[in-house]
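Heads up: the structure comes next, in structure tokens.
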Amino acid sequence: MQVKKYRAVDSQQAMRMVRAAHGPDAVILDLHTIEGGVEVVVSLDEAANHGAASAQVAVTENAAQQLARQISQQFSPAPRSERTALDALLDRQKKNAQMAQETAASERQNLGASRQPAPEMPNQPVSRGQSEQHQSPQLAWSQQDELLTLKQELSSMKSMLMEQLKGHNWQQASFQAPEQRELNQFLSTLDIDPSLGKRLCAEIPADESDSLQREILKMLLIKQLPVAAPPSSGAICLVGPQGAGKTTTIAKIAAQYVLNHGRDGIAILTTDVARVGAQEQLRAYGRILQIPVHTAVDIEEAVKTYRILRKKKLVLIDTAGMSFRDSKGISELQQLTAAMQDVQVFVTLPADAEAYVQSEIIDAYAPLAPQGAVITRIDEAMRLGGVISNLIQHRLPVVWCANGPKVPQNLSAADGTKLVNMAVRMGRAFELKSRPEREPSQSAQAVPGPVVNSSPARLSVRV
């Protein structure tokens with residue numbers, strides 16, 4: 001079968017192109033969206049039986065028209081009485097597409113002009129603009145700044161929609177179980193995941209008082225939150241996204257070890273050669289603590305260095321930050337940890353990230369088989385219910401908790417009771433801040449959340 005593809009900005013223009021080229025009896029095989037528009041696949045074969053072909057054309061054209069209507073509805077939403085953020089994004093996409101077409105047309109004109117013979121001028125340097133004219137034009141639908149702005153706006157819209165969906169789920173749970181309305185409100189204040197909260201409410205007697213129900217809920221959260229003791233020897237490798245606090249956590253663990261056991265049995269290995277200043281930061285900590293810091297630029301060098309350092313009692317491995325969407329980078333990181341024998345992998349989980357982002361981070365690093373998690377940036381989080389829910393649902397034990405930039409004070413072994421009590425205090429403070437209509441006397445009775453330390457990170461260790 002011979003086919004031909006037509007690409008256009010929208011489905012209507014694509015159908016006009018097909019009718020102009022093949023007439024009204026064209027056989028449309030497929031119509032789907034692509035980057036910047038739609039693509040129509042048309043069959044060029046002529047059927048022997050024209051009557052049967054006409055029926056097939058009619059059925060196919062009806063299906064194509066239905067798809068065209070769906071796509072045109074997607075690209076051209078129904079008019080609203082009020083302009084929304086989605087309308088602004090769609091208008092921006094259309095504007096960028098028009099600008100890209102104008103840019104492509106001007107580049108084609110410049111290319112045609114550059115192909116005309118020019119008089120030879122000896123010993124004349126060729127400018128950068130003239131050399132770029134001889135390159136083939138590339139169609140860019142948007143600039144980098146526009147893509148970044150669009151990504152930020154979409155992320156903000158997603159966070160808002162997820163928050164509204166959580167509120168709707170809690171309202172539905174309160175409607176189904178009116179006797180636990182206060183308990184559902186308490187779970188919503190803590191930012192507990194609705195599915196986990198529904199399972200917890202099923203284990204709490206509905207005929208008890210509100211205060212007793214909350215105490216039972218806290219006990220259930222403490223019981224179900226997986227907690228593991230931090231290792232004091234072996235090889236510890238921290239992985240996680242950019243800016244999660246891996247390097248600072250490595251420095252805190254090293255400083256605590258030097259204070260308790262001395263500097264002889266510890267070494268640091270860093271494979272972070274992408275972030276500017278990461279190696280210098282660890283080397284500065286190494287000079288203060290008087291411990292060796294080694295750098296590896298690839299997997300082979302990292303494995304060789306690790307084999308030499310295995311005689312140490314504790315080896316701390318710092319890795320480059322990988323986004324949970326960077327599947328290639330995480331695959332390379334998996335090869336690195338697999339080549340290191342007896343290495344213990346821990347995921348660095350920022351507490352101030354959205355709950356769905358934390359869940360995606362855990363799922364992305366699951367192929368590395370992490371033995372636990374390090375909760376960081378607690379001092380910058382508004383609530384802790386999201387990270388507690390993710391740890392319970394993914395059955396990932398928490399090992400360390402970091403609540404500030406100070407080295408080594410702001411790092412402690414995980415304690416389920418303290419973490420849940422902190423989540424309750426932060427939830428109450430968040431509830432009071434989100435309800436300014438309350439009286440000042442009620443706000444004064446609120447238990448304050450954790451104090452945010454805005455001072456720069458500094459090492460207060462005497463070795």
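The values are calculated or read from the model by the stated rules, or taken from the named source; none is laboratory data. The structure presented is a predicted model; accordingly, all values stated were derived computationally and were not measured. With ideal geometry, Cβ positions are generated from the backbone for all residues, glycine too; neighbour counts draw on all protein chains shown. Calculation scope for accessible area: heavy atoms of the full protein, side chains included, ligands and nucleic acids excluded. Shrake-Rupley method; radii C 1.70, N 1.55, O 1.52, S 1.80 Å.
Brief remarks on what is shown
- Pairs spanning more than 25 Å between alpha-carbon atoms, out of LYS304/LYS328; LYS5/LYS94; LYS311/LYS406; LYS198/LYS223; LYS246/LYS418: LYS311/LYS406.
- Summed side-chain charge close to ASP379 - residues other than ASP379 whose Cβ falls under 12 Å, Lys, Arg +1, Asp, Glu -1: 0
- Per residue solvent-accessible surface (Å²) - segment 258-308, probe of 1.4 Å: 56 Å²
- Distance between the modelled labels on GLU215 and GLU301, one decimal in nanometres: 6.0 nm (7 Å Cα→Cβ projection).
- Charge dipole magnitude, Cβ of K and R +1, D and E -1 - segment 302-350, Cα centre, debye nearest 20: 320 debye
- Whether segment 217-327 is rounded, prolate or oblate, judged on the alpha carbon gyration tensor where a/c under 1.5 counts as rounded: oblate
- Qualifying trypsin sites (Lys or Arg not before Pro) for segment 326-404 [loop in DSSP, other Cβ within 10 Å: at most 14]: ARG395
- In the context of the full set of protein chains, segment 340-436 has a per residue accessible area of 36 Å² (1.4 Å probe).
- Exposure of SER211 as accessible area (Å², to 10), given a probe of 1.4 Å and all protein chains: 80 Å²
- FRET efficiency for GLN335 and ALA229, using Cβ-Cβ distance with R0 set to 30 Å, rounded to 0.05: 0.55
- Separation of the ALA202 and VAL9 label points, Cα + 7 Å toward Cβ, nm: 5.3 nm
- The Cα atoms of segment 1-41 give a gyration tensor whose axes a ≥ b ≥ c have a/c of 1.5 or more with a/b no greater than b/c, which makes the shape oblate.
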